[in-house]
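Peer 1: I am attaching a structure below and will ask some questions about it afterwards.
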Amino acid sequence: MLRLDNRQASLWESVLPPELFEMSEELTKIDRILNDERFFTPFVERFYSRVGRPTVPVATYLRMMYLKRRYNLGYETLVREVNDSFTWRLFCHIPLNKRAPDDTTLIKLTKKYGENTLDELNDALTLKLKEEKVIKGKKLRMDTTVTEANIHYPTDTGLLADGIRVITRTVVKLKRVGAEIGSGFVNHTRKVRKTCSGISRLLKRRISKDDAGLVEAKRQLIEIAKKVVASGREVETQIEGLGEKQSAIISRLAEQLEGWIEVTERIVEQTEAVLKGRMSLPQRVVSIFDTGARPIRRGKARPDTEFGRKVLIGETDHGIITTHKVLKENPGDATLLKTGVRGHRRLFRKRLKAVATDRGFYSQDNEKWLKAGGVKQVGIPVRGKASKQKRMEQQQPWFKRLQRFRAGSEGRISLLKRAFGLDRSLMHGDQGTEIWVGQGIFAHNLWQAARIM
């Protein structure tokens with residue numbers, strides 16, 4: 001049963017000095033903002049039910065998630081700090097005679113509510129600020145960044161070792177729960193560790209990637225991986241032979257085993273392709289635990305390869321992020337301009353009068369589309385050599401003002417990464433990253449709204 005709020009005061013709150021319950025100005029303003037019923041609407045529409053055990057109140061969950069992202073706390077630390085603080089308890093609407101929700105409960109709720117609920121919460125906050133005339137939405141600046149996946153640096157040998165390890169680990173678990181499963185499976189993890197140690201010693205000598213010893217070690221890992229995959233397939237056959245005798249645990253582990261085998265086969269194929277000289281692999285796997293993560297090379301003066309997902313961020317006046325999108329591949333910025341503008345216009349209709357981005361978003365088609373849509377000032381520098389007319393336009397005061405406005409998006413992205421966790425997603429997969437980014441942006445918008453209101 002969905003509960004929206006729990007404002008019951010305990011006897012202790014009437015006995016203790018009121019000074020213990022004085023919240024900071026920031027938390028007072030955010031509490032006032034979140035009291036708006038529109039923030040309950042996404043939960044009521046998706047999860048309302050009159051049966052079952054009462055859930056954690058939505059008001060409590062939203063406030064605890066804000067504290068988590070505002071102060072970069074883990075779930076266990078968050079619960080401990082809320083239980084120990086009078087003001088945080090008051091902010092989260094938790095009476096003194098009750099305990100904060102368990103960390104595992106908060107994790108399950110985060111996955112249950114999902115990324116679509118967070119998108120609706122961000123839209124509700126933006127519309128609230130628009131209705132109260134805090135923001136106007138006439139200007140929009142956009143930029144892209146990368147939210148890295150929580151993975152180690154990918155190497156062919158490291159990925160092969162990961163695949164062998166997780167397949168072996170899953171089969172060992174199956175052996176424990178089913179006596180007839182995995183009887184002929186051979187554990188190769190010790191041999192893999194010795195091979196990886198030999199590779200580490202070779203790399204310390206600063207050898208080239210074509211060194212004969214290094215290539216031979218890779219081939220050994222490939223052969224071991226193929227044997228482990230073949231043995232894993234035999235284990236799957238044994239599980240299928242159980243028929244209706246499969247328990248829920250065996251079925252769950254069998255599903256995991258299938259996934260590990262498939263991704264390990266892909267890693268074997270790409271490693272063999274690299275040994276044959278094929279270095280360009282569009283669908284390269286960079287992590288066995290997050291197969292959707294992509295290698296992204298940013299167009300900077302000193303380009304570094306980052307492993308994660310590209311994120312488009314659109315920001316209006318007063319630093320409120322009105323639109324964002326987590327992208328599954330690495331499309332060019334010029335293809336993303338229309339997506340960002342449409343996301344902003346969903347909330348502000350025809351108010352948009354000026355758009356500012358860097359030159360990566362420029363194309364003649366984009367410029368014509370913006371002007372046809374009523375955008376009077378397009379502050380996007382031309383790529384390459386500009387015509388005389390474009391040079392004169394880019395010298396205009398309004399264009400320079402828009403470019404100064406655009407430069408603020410760099411600082412905003414830096415703030416999101418440093419203070420709100422957008423530098424690295426601690427949740428795996430496309431859906432996990434969307435939830436992580438959505439939470440961070442919602443917490444940022446709440447924090448920024450408290451500053452400007």
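The values are calculated or read from the model by the stated rules, or taken from the named source; none is laboratory data. Keep in mind it's a predicted model, so treat the numbers as computed, not measured. Positions of Cβ are generated from backbone atoms using ideal geometry, with glycine treated the same way; all protein chains shown enter the neighbour counts. Please note that ligands, DNA and RNA were not included when accessible areas were found on the heavy atoms of the full protein model with its side chains. Shrake-Rupley method; radii C 1.70, N 1.55, O 1.52, S 1.80 Å.
Peer 1: Do any helices (runs of 4 or more DSSP H) lying entirely in the range 1-67 carry at least 2 residues that are modelled with pLDDT of 80 or more and more than 14 Å from Ile94 (Cβ to Cβ), and which ones are they?
Peer 2: 25-34, 41-47
Peer 1: On to the next question. Under 7 Å between Cβ atoms, at least 6 apart or on separate chains: pull out the pairs that start in the range 357-386 with a residue that is of a type in the set (A, V, I, L, M, F, W, C) and end on any residue that is outside any helix (DSSP H, G or I) and surrounded by fewer than 17 Cβ atoms within 10 Å (Cβ to Cβ).
Peer 2: Once the first residue is of a type in the set (A, V, I, L, M, F, W, C) and sits in the range 357-386, its partners that are outside any helix (DSSP H, G or I) and surrounded by fewer than 17 Cβ atoms within 10 Å (Cβ to Cβ) give Val375/Lys353.
Peer 1: So, restricting to strands (runs of 3 or more DSSP E) that lie completely within the range 219-338, which ones have at least 1 residues that are of a type in the set (Phe, Trp, Tyr)?
Peer 2: Strands (runs of 3 or more DSSP E) meeting the threshold: 305-315.
Peer 1: Only one residue in Gly343, Gly360, Gly314 is surrounded by 16 or more Cβ atoms within 10 Å (Cβ to Cβ), of a type outside the set (S, T, N, Q) and over 26 Å from Leu426 (Cβ atoms). Which one?
Peer 2: One residue alone meets the criteria, Gly360.
Peer 1: Condition check: closer than 30 Å to Glu262 by Cα and open to solvent by 30 Å² or more (accessible area, probe 1.4 Å). Does Lys130 satisfy that?
Peer 2: No; evaluated as a whole, the condition is false for this residue.
Peer 1: So which pairs qualify, if the first residue must be in the range 442-453 and part of a helix (DSSP H, G or I), the second must be among the charged types (D, E, K, R) and open to solvent by less than 10 Å² (accessible area, probe 1.4 Å), the Cβ gap must be under 7 Å, and the two must be at least 6 apart or on different chains?
Peer 2: Ala443/Arg69
Peer 1: For residues that are of a type in the set (S, T, N, Q) and part of a helix (DSSP H, G or I), scanning just the range 192-218, find the one that is surrounded by the most Cβ atoms within 10 Å (Cβ to Cβ).
Peer 2: By that ranking, first place goes to Thr195.
Peer 1: Still on this structure: Out of Phe43, Phe39, Phe91, Phe21, report the one residue that is more than 16 Å from Arg7 (Cβ to Cβ) and among the aromatic types (Phe, Trp, Tyr).
Peer 2: Selected residue: Phe43, the only one of Phe43, Phe39, Phe91, Phe21 that is more than 16 Å from Arg7 (Cβ to Cβ) and among the aromatic types (Phe, Trp, Tyr).
Peer 1: Tell me yes or no: at least one residue of the range 223-236 is open to solvent by 70 Å² or more (accessible area, probe 1.4 Å), more than 23 Å from Leu426 (Cα to Cα), at pLDDT below 95 and touching a Phe, Trp or Tyr at 6+ places or on another chain (Cβ under 9 Å).
Peer 2: Taking every residue of the range 223-236 in turn, at least one turns out to be open to solvent by 70 Å² or more (accessible area, probe 1.4 Å), more than 23 Å from Leu426 (Cα to Cα), at pLDDT below 95 and touching a Phe, Trp or Tyr at 6+ places or on another chain (Cβ under 9 Å).
Peer 1: So the check is Cβ under 9 Å with 6+ separation or different chains; which pairs have a first residue in the range 174-203 that's under 30 Å from Ala248 (Cα atoms) and in contact (Cβ under 8 Å) with a residue 40 or more places away in the chain and a second one that's assigned to a helix (DSSP H, G or I) and open to solvent by 100 Å² or more (accessible area, probe 1.4 Å)?
Peer 2: Gly178/Lys245; Gly182/Glu234; Gly184/Glu234; Phe185/Glu234; Val186/Lys227; His188/Lys227
Peer 1: Still on this structure: Filter the range 200-248 for residues that are of a type in the set (Lys, Arg) and more than 36 Å from the chain's Cα centre (by Cα); which is nearest to Gly158 (Cα to Cα)?
Peer 2: So, considering only residues that are of a type in the set (Lys, Arg) and more than 36 Å from the chain's Cα centre (by Cα), the one nearest to Gly158 (Cα to Cα) is Arg205.
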